[in-house]
Amino acid sequence: VDDKYFGVATMMLTIPGLPMFGHGQVEGFTEKYGMEYKRAYYNEVPNGWLVERHERELFPLMNKRYLFSQVNHFWFYDFIDGHGFVNEDVFAYTNMANNEKAIVFYNNKFKSTTGKIYQSTPKLVGIGNKKYQTSIPLYEALKIKTSENYYYTYREHISNLYFVKGGKEFFESGFEVELDAFKYKVFMDFKEVYDTTGVYKNLKARIGNTGVANIEEALNEIELEPIHEALENMFEDKMMYVFIESYVNSIAEVLEDDVKFLRNKFYYFIN
């Protein structure tokens with residue numbers, strides 16, 4: 001069982017409809033049988049790592065079926081590569097339930113790719129006989145606010161890393177992602193923030209598209225960065241040289257300039 005199986009299973013769990021698993025599929029059994037069987041004919045043992053991967057990657061998505069099962073807010077997208085062409089090997093779609101949002105990608109080919117989604121493919125909408133085809137941009141499909149100071153944090157399910165992206169960025173460039181062969185990504189847990197201090201803008205500039213394990217810790221690092229820098233400056237080469245020469249190696253009185261230099265560094269850190 002490889003990434004392609006889990007990619008297809010991820011799609012099965014994140015598109016509208018009823019996902020179904022075969023008996024013994026999660027355990028990795030080779031015997032295929034249905035309800036007419038009274039007992040198993042093979043003496044098979046569950047595959048531990050396969051069960052664990054199902055529990056880690058797929059089962060949490062099953063608990064979110066309310067987010068993926070409905071069609072009202074479901075939209076497909078063309079995946080546009082770096083050359084401006086549609087990559088037909090990549091499945092990309094979004095869905096919503098109440099205020100929860102999700103973006104799903106799956107690369108169904110043994111080849112890495114990079115691209116983005118912006119405009120949905122046409123979809124038939126309407127009520128009764130009044131139906132028509134329409135296409136909407138990503139930010140509209142996910143009800144993203146595109147004003148300057150709106151930012152969104154979100155989590156990628158497989159890696160469990162958190163990211164941040166400006167609402168204006170959704171409007172201007174859509175959503176870009178890199179996918180290895182047969183890899184899949186599910187972005188969930190979107191949270192909207194209004195950045196009055198610029199801290200989320202700084203966080204976005206710092207982490208880019210790499211993601212962090214914890215958004216709050218990353219914000220704390222930015223807030224405490226001046227203290228960290230001041231502490232590091234206390235141990236720079238010149239600081240240590242003056243200290244050693246003045247207080248360790250010298251038997252004469254410490255020069256006033258050296259005392260002032262060391263004292264200024266220390267008080268800067270304390271302040």
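The values are calculated or read from the model by the stated rules, or taken from the named source; none is laboratory data. Small disclaimer: the values here were computed from a predicted structure and weren't measured. Neighbour counts run over all protein chains shown; Cβ positions are idealised from the backbone, glycine included. All accessible areas refer to the heavy atoms of the entire protein, side chains included, with ligands and DNA or RNA removed. Shrake-Rupley method; radii C 1.70, N 1.55, O 1.52, S 1.80 Å.
Observations on the model:
- Scanning the range 104-118 for residues that are open to solvent by less than 10 Å² (accessible area, probe 1.4 Å) and not in a strand (DSSP E or B) yields a total of 0.
- When residues in the range 57-99 are screened for being closer than 20 Å to Gln119 by Cα and charged (D, E, K, R), 4 of them pass.
- Qualifying residue in the range 238-249 (condition: within 30 Å of Tyr152 (Cβ to Cβ) and either aliphatic (A, V, I, L, M) or open to solvent by 100 Å² or more (accessible area, probe 1.4 Å) (or both)): no
- Unmet criterion (only one of (1) part of a loop (DSSP other than H, G, I, E, B); (2) open to solvent by less than 40 Å² (accessible area, probe 1.4 Å)) for Tyr154: (1)
- Lys191 fulfils the conditions (1) over 22 Å from Lys145 (Cα atoms); (2) open to solvent by 60 Å² or more (accessible area, probe 1.4 Å); (3) not polar (S, T, N, Q) except for a single criterion, (1).
- The condition (being open to solvent by less than 30 Å² (accessible area, probe 1.4 Å) and not aromatic (Phe, Trp, Tyr)) is satisfied by just one residue among Glu44, Glu57, Glu36: Glu57.
Table: residues versus (1) farther than 19 Å from Phe190 by Cα; (2) open to solvent by 60 Å² or more (accessible area, probe 1.4 Å).
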residue	(1), (2)
Glu52	yes, yes
Met62	no, yes
Leu67	no, no
Gln70	no, yes
His73	no, yes
Ile80	yes, no
Gly84	yes, no
Asn87	yes, no
Ala102	no, no
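- Breaking point among (1) aromatic (Phe, Trp, Tyr); (2) in a loop (DSSP other than H, G, I, E, B); (3) within 25 Å of Glu223 (Cα to Cα), for Phe182: (3)
- Against the test of being hydrophobic (A, V, I, L, M, F, W, C) and either loosely packed, with under 11 Cβ neighbours inside 10 Å or modelled with pLDDT under 85 (or both), the options Ala218, Ala213 yield a single qualifying residue, Ala213.
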